Amino acid sequence: MDGMISAITNPVDGECQVTVQVSSAKVSEGFFVKSILLYAQDPDDGDVPYTYLVLENEPEWIRPSSAIVGKFATFDLIAAVGAVDTVKASIDPESLVTAKDLARHNTDTEAHPSLRPVTVEITVPAEAWQEDESGGDYGFSAVVDCVDAAVSNVPIVTLDKACLKAAGDAGLCPTVEALDGSLHLWATAKPASELTGWVTLLGPGSGAGGGGISLPVATEDILGGIKASDSLTVDPDGTAHSVPDVATDQEVSDMLRQVFDLQD
């Protein structure tokens, strides 16, 4: 039967490791895996046998799909590639991701670059605001340059604390539209001064429940992200409340006994 190529790595120069999976999911009759043959594509002759893994001394039994317990086996083939710069493999879309593969993927800083949040500074000049002719609730809009933005992004804007009054007085719309290379903002009136802050661009498919959101850390002068703790709770709508330091019944009793010299 055909094995499923699930991964390819380059452990050392001159070699590549191809991981092959064999599952009993589509096996009608059980059989022993006695060998695995890896094919390579020759530019002149097409697919040719390239690496042969011998398992006759310790064959692997693959159960049929009708068995109560299925079988899933993985094999690593080391192929010599010499001075070849690049080796590509056709990864089977039905192959399974192992816990080891997933852990390696989760720590890969180069994985899914389009989905990683990017936070950049933005400035919306007061003169950038123009009358909006779309006929909506917001009579003014502004388009500002943002080279990192793309239509597929979900933008989250965090304004400087010093700009919050101007934004509030102008009725700044909480929704921002990402365009290719720019951002589109709306307001009910022209802000009296420029607005500065940060925008976090989330990749397609990410969001509050699907990926990490990177916000500036909140300070005395910067509006940003905070974390809940034992002394701070956050409602489902995002409202934060401080948790009062309330004494327990036992602590109150101990205090009264000390003050009034009471006995149990």
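Could you please let me know if residue 205 is at pLDDT 90 or above and within 15 Å of residue 118 (Cα to Cα)?
Taking the combined requirement at face value, the residue does not satisfy it.
Can you tell me which residue within segment 45-99, out of those that are surrounded by 11 or more Cβ atoms within 10 Å (Cβ to Cβ) and among the basic types (Lys, Arg), is farthest from the chain's Cα centre (by Cα)?
Checking each candidate, the answer is 63.
Yes/no matrix, rows are residues, columns are (1) at pLDDT 95 or above; (2) among the aliphatic types (A, V, I, L, M); (3) touching a Cys at 6+ places or on another chain (Cβ under 9 Å); (4) not assigned by TED's automatic domain parsing to the domain that holds residue 91:
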site: 10; (1), (2), (3), (4): no, no, yes, no
site: 21; (1), (2), (3), (4): no, no, no, no
site: 25; (1), (2), (3), (4): no, yes, no, no
site: 29; (1), (2), (3), (4): no, no, no, no
site: 44; (1), (2), (3), (4): no, no, no, no
site: 47; (1), (2), (3), (4): no, no, no, no
site: 52; (1), (2), (3), (4): no, no, no, no
site: 60; (1), (2), (3), (4): no, no, no, no
site: 72; (1), (2), (3), (4): no, no, no, no
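Write out, first by first residue and then by second, each pair whose Cβ atoms fall under 7 Å of each other, whose residues are 6+ apart or on separate chains, and whose first residue, in segment 38-54, is over 16 Å from residue 19 (Cβ atoms) while the second is acidic (Asp, Glu) and loosely packed, with under 10 Cβ neighbours inside 10 Å.
As it stands, the answer is 41/47, since those pairs meet every condition given.
Before we move on, is residue 68 at pLDDT below 90 and not in a strand (DSSP E or B)?
In short, yes.
Confirm whether residue 157 is of a type in the set (Val, Ile, Thr) and surrounded by fewer than 14 Cβ atoms within 10 Å (Cβ to Cβ).
No: the conditions fail for residue 157.
Being buried (at least 18 other Cβ atoms within 10 Å of the Cβ), over 21 Å from residue 85 (Cβ atoms) and not polar (S, T, N, Q) is the filter here, so list the residues in segment 5-30 that pass it.
20, 22, 27
The values are calculated or read from the model by the stated rules, or taken from the named source; none is laboratory data. As the structure is a prediction and not an experimental result, all values here were calculated from the model. Because the Cβ atoms are built from the backbone with ideal geometry, glycine has one as well, and the counts that use them run over all protein chains shown.
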